[in-house]
Amino acid sequence: MAKIEEILQTEVLKNLELDKIVKVPKSMSMRDTITKLNDSRIQTALVTENDKTVGILTQSHVVQKMALGNEASLSQSVESVMFPITGKLTANSTLAEAMSHLKSHRQKSLPVIDDQGNTVGVVSYKTLVRFIAARFSDKVYNLPPNLHQTSMAKEGA
């Protein structure tokens, strides 16, 4: 079985189940954007201008803004609340590149584009963890709650 380091360096994003997205124009109101996210049961909206992605808004961004007392008026445009896109990944980017971009751009999720420049989904830390957990399920799901935990007594009959 391949080591996790090898997988991170060789596996590409197009082989992952990327997070689904909703595209909204930057002029759309927060009320309509939140409604669209809720109706589609999707947590990420890519904000567009002339079919080009210019920002990202997730349900956690909205909650975060509200928790900080920066309540966005529901009538405001999504442009005033979105986070500008500071980086994009291609479908041929490796998992290691995705992790590096997420960290360096201080984003929880970033859009993934195909060879034609179309956004095909969003990669997030959650996406990467799900993939790694599935790939190494025998290791991940058999770990004790505390990695240094040892049993003082033999178990079983």
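The values are calculated or read from the model by the stated rules, or taken from the named source; none is laboratory data. Keep in mind that what you see is a predicted model, and the values were worked out from it rather than measured. Counting neighbours? That spans all protein chains shown, and the Cβs are built from the backbone with ideal geometry, glycine included. Please note that ligands, DNA and RNA were not included when accessible areas were found on the heavy atoms of the full protein model with its side chains. Shrake-Rupley method; radii C 1.70, N 1.55, O 1.52, S 1.80 Å.
What GluC sites (Glu not before Pro) does the range 1-41 have in DSSP loop regions with at most 15 other beta carbons within 10 Å?
Within the range 1-41, the qualifying GluC sites (Glu not before Pro) (loop, at most 15 other Cβ atoms within 10 Å) are 17.
Determine, for each peptide in 84-96, 121-133, the mean count of other beta carbons within 10 angstrom over its residues, then list the peptides with the highest first.
121-133, 84-96
Compute the relative contact order of the chain as a whole-number percentage, counting only Cα pairs closer than 8 Å that sit 6 or more residues apart in sequence.
Reported as a whole number, the value is 24 percent.
For the range 1-105, report the accessible area per residue in Å² (1.4 Å probe, heavy atoms, rounded to an integer).
For the range 1-105, the solvent-accessible area averages 59 Å² per residue.
What FRET efficiency do you get for residue 6 and residue 39 if R0 is 30 Å and r is their Cβ-Cβ distance, rounded to the nearest 0.05?
Efficiency at R0 = 30 Å is approximately 0.15.
Of all DSSP beta bridges located in the chain, what percent are antiparallel, nearest 5?
Beta bridges within the chain, antiparallel portion: roughly 75 percent.
Counting each pair of different Cα atoms once, what's the Kirkwood radius of the chain in Å, rounded to one decimal?
Result for the chain stands at 17.6 Å.
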